[in-house]
1. Whether any residue in region 151-160 is part of a loop (DSSP other than H, G, I, E, B) and at positive phi is what I want to check.
2. Check region 153-169 and report whether any residue there is without any contact (Cβ under 8 Å) to a residue 12 or more places away in the chain, outside the structural domain of residue 214 (by TED's automatic domain parsing) and buried (at least 16 other Cβ atoms within 10 Å of the Cβ).
3. Any residue at all in region 73-81 that is surrounded by 24 or more Cβ atoms within 10 Å (Cβ to Cβ) and over 28 Å from residue 228 (Cα atoms)?
4. Could you list, in sequence order, the residues of region 41-54 that are in contact with a helix residue (DSSP H, G or I) (Cβ under 8 Å, 6 or more places away or on another chain) and closer than 19 Å to residue 182 by Cβ?
5. Give the residues of region 87-98 that are exposed (fewer than 15 other Cβ atoms within 10 Å of the Cβ) and at positive phi, sorted by residue number.
6. With (1) under 16 Å from the mean Cα position of the chain (by Cα); (2) surrounded by fewer than 23 Cβ atoms within 10 Å (Cβ to Cβ); (3) modelled with pLDDT of 90 or more as the list, and residue 13 as the residue in question, which single condition is left unmet?
7. Within region 184-215, restricting attention to residues that are within 14 Å of the chain's Cα centre (by Cα) and within 17 Å of residue 266 (Cβ to Cβ), which residue is surrounded by the most Cβ atoms within 10 Å (Cβ to Cβ)?
8. Check region 99-112 and report whether any residue there is surrounded by fewer than 23 Cβ atoms within 10 Å (Cβ to Cβ) and within 29 Å of residue 232 (Cβ to Cβ).
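The values are calculated or read from the model by the stated rules, or taken from the named source; none is laboratory data. What you are looking at is a predicted structure, and each value in this text was computed from that prediction instead of being measured. Ideal geometry is used to build each Cβ from the backbone, glycine not excepted, and the neighbour counts take in all protein chains shown.
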């Protein structure tokens with residue numbers, strides 16, 4: 001995980017600022033702009049650019065790997081959006097840096113450590129799970145107990161979008177997260193294999209590589225959708241052109257469509273050449 005964190009830091013894209021929000025959805029399939037992602041759950045959706053999607057995917061995947069409830073991911077996502085708009089910032093108020101604007105002077109770790117998103121996310125969850133009864137608290141209250149912000153109610157405005165993202169990215173809502181990616185470079189099978197193993201660990205089987213295709217066994221439908229959505233979120237960075245799971249297929253033209261296979265125990269990943 002340490003090496004994965006360093007790789008992720010090196011590959012995080014510095015994109016133009018984009019908003020993440022919530023609104024009532026009038027059409028089931030939202031038309032996306034190039035290099036835009038959206039989580040759609042019920043009457044809410046949350047829109048992100050590709051860098052935000054990569055970070056949201058990692059925040060949620062680490063919660064899944066740790067066996068935390070979707071509520072924990074919702075709290076973390078709402079917090080990260082308020083603190084950094086889901087960007088891994090190298091600046092902030094006083095000595096604050098990173099996704100959660102954690103401060104070395106407040107004991108969160110060194111600046112280098114906090115800039116590693118895997119480390120920063122892990123430290124956030126470490127602090128969250130020490131709060132007795134956080135699952136039943138208001139999201140803004142739980143976030144404030146971790147962050148000790150000067151604006152304790154600010155997290156509440158991001159709750160609807162964070163709920164949509166958490167439901168989709170933890171796999172509770174299937175085929176609910178998609179991206180439209182303008183272009184992807186060649187993917188490296190070994191890189192994707194190592195990342196899946198590094199992020200999801202023993203929750204999934206070791207990916208089997210056949211040419212430019214990987215197949216990953218999953219134990220349950222929610223885990224499969226969590227992995228599938230994570231791969232979509234990382235698709236540009238990892239050179240992924242198609243993800244297939246449980247009778248659905250996503251290609252980089254944005255949306256999940258019905259496929260001929262309904263296998264729910266295996267996620268298939270096709271890489272760009």
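1. If we filter region 151-160 for residues that are part of a loop (DSSP other than H, G, I, E, B), which is where we start, we get 151-153.
If we keep only those that are at positive phi as well, we get none.
The answer is no, given that none of the residues of region 151-160 is part of a loop (DSSP other than H, G, I, E, B) and at positive phi.
2. no
3. Taking region 73-81 first, the residues surrounded by 24 or more Cβ atoms within 10 Å (Cβ to Cβ) are 73-81.
Add one more test, that the residue is over 28 Å from residue 228 (Cα atoms), and what stays is none.
The answer is no; no qualifying residue exists.
4. Within region 41-54, 48, 50, 53, 54 qualify.
5. Just the residues of region 87-98 that are exposed (fewer than 15 other Cβ atoms within 10 Å of the Cβ), to begin with: 90-91, 93-94.
Across region 87-98, the qualifying residue is only 94.
6. Just one mismatch for residue 13, condition (3).
7. Step one: filter region 184-215 for residues within 14 Å of the chain's Cα centre (by Cα), giving 195-196, 199-200.
Retained after the next criterion (residues that are within 17 Å of residue 266 (Cβ to Cβ)): 196, 200.
Numbers: 196: 25, 200: 21.
Across region 184-215, the extreme among qualifying residues is 196.
8. No, that holds for no residue.
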